[in-house]
Structure formats: C-alpha cells, structure tokens
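Reading through the structure tokens given below for one structure.
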Amino acid sequence: MNVELQKLEEVMKKVFSSFDKDNSGYLDVKELKNVSKELGREMDEAELEECIKDLDQNKDNKITYDEFRKWWLSGRQGLSPWMRRLLAFKLRTI
C-alpha cells in the first residue's frame, strides 16, 4: 500500500471511529444524529434517512466501515449533503 493511500486509510478510520461512539463497528441513525448535534444543527428524521440511504449498501440501516470507506473513495457522492457536512466537520476536529 503506498504512503498516500495508507494516510487516507488512517484518516477514514479516525473519522469513522469518531462517529462510532459505542464502538459497535457500524454507524446507526442515533450516532449520526449525535454527530449532527456536535455540528450545531440536529438533523431531522428525513435528513438522517437520506444519509443512511446514501451509504447503507446492504439496507440493514447500519453503516459499516466498509460501506463508509466505499462511499468516501467513490467521491462522497449521494443524495444528502449532510453526510459530507458531518465529514467536513469531523475532519477539522481530528
């Protein structure tokens, strides 16, 4: 693995871990809601659903690290701008 990819992997893991407050290995709606509170604007249910929908590939209402990683490496695209905003906020704090 080259150095740049290794550094990117470390950043992705730090961000994911900072979202995964209960260390369960996945992100759920509650954790995303808590992160949005940290951001200063709590997301409503529809916004949270959009975030989950953008990243949750197997549709189990949980975002695994692998799903998060694939989303990040694909250019962080999706319906919801909120996940990108949460990510930007977390990147400033780590």
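The values are calculated or read from the model by the stated rules, or taken from the named source; none is laboratory data. These numbers were taken from a predicted model, which means no experiment stands behind them. Cβ coordinates were reconstructed from backbone atoms using ideal geometry, including for glycine residues, and neighbour counts include every protein chain displayed. Heads up: the accessible areas ignore ligands, DNA and RNA and are worked out on the full protein's heavy atoms, side chains in. Shrake-Rupley method; radii C 1.70, N 1.55, O 1.52, S 1.80 Å.
For the full complex of protein chains and a 1.4 angstrom probe, list 21, 30, 62 by accessible area with the highest value first. Intermediate values should be presented prior to the final figure.
Values: 21 105, 30 145, 62 75 Å².
These residues rank, largest area first, as 30, 21, 62.
Spatially close Lys pairs in the chain, defined by Cα atoms under 15 Å apart and a spacing of eight or more places or different chains, total 19. Can you give me the accessible area per residue for the chain, using a 1.4 Å probe, in Å²? I get 59 Å² per residue for the chain.
State, as an integer percentage, the relative contact order of the range 1-53 based on alpha-carbon contacts under 8 Å between residues 6 or more apart. Intermediate values should be presented prior to the final figure.
Working: 21 pairs, mean separation 12.0, N = 53.
Contact order relative to length: 23 percent.
Between the helical axis of 3-19 and the longest alpha-carbon principal axis of the chain there is an angle of about 30 degrees.
Close amide-amide hydrogen proximity is noted between residue 64 and 27, each under 5 Å apart and 5 or more residues distant or on a separate chain (H modeled in the peptide plane; Pro and chain starts excluded). Once the Cα atoms are used to define both axes, helix 29-39 deviates from the longest principal axis of the chain by about 80 degrees. Taking the C-alpha atoms only, the angle from helix 82-93 to the longest principal axis of the chain is near 50 degrees. Tell me which of 40, 75, 6 sits at the most positive position along the dipole axis of the chain, charges placed on C-beta atoms (Lys, Arg +1; Asp, Glu -1). The Cα lying farthest towards the positive end belongs to 6.
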